[in-house]
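The block underneath contains the structure these notes are about, expressed in structure tokens.
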Amino acid sequence: SKHCVKLDNRTANVTVKPFELDMGFQFELHVTVSGKKINVSEIPELPIPKDWMRDKLELHFYKTEQAAGGGEIENVTYNKESGTAVITFLKPG
């Protein structure tokens with residue numbers, strides 16, 4: 001767990017320590033489906049940046065492709081204040 005790192009002609013002794021990330025959140029989504037877009041509502045307000053939530057929504061709906069109902073994402077518009085998002089897919093389905 002101890003390492004020696006060279007930085008700009010200097011040597012620093014460092015120790016690596018494990019740490020836990022509290023990143024797990026579970027929540028329920030309400031979805032309205034049309035040909036190419038999904039309207040998601042009642043997204044809970046979580047203590048994470050808007051970009052993270054947008055990424056989580058994109059990943060969730062992209063991953064559901066194998067479970068019928070997802071696919072490649074064209075755009076995710078997330079409104080933190082209203083707790084809503086619009087997911088736009090590349091192909092209708």
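Does region 1-45 hold any residues that are modelled with pLDDT of 80 or more and under 24 Å from Phe89 (Cβ atoms), and which are they?
Lys36, Lys37, Ile38, Asn39, Val40, Ser41, Glu42, Ile43, Pro44, listed by residue number.
Please enumerate the residues belonging to region 46-73 that are over 13 Å from Phe89 (Cα atoms) and at pLDDT below 75.
Selection gives Gln66, Ala67, Ala68.
The values are calculated or read from the model by the stated rules, or taken from the named source; none is laboratory data. Remember, it's a predicted structure, so these values are computed and weren't measured experimentally. Every residue, glycine among them, receives a Cβ derived from its backbone with ideal geometry; neighbour counts consider all protein chains shown.
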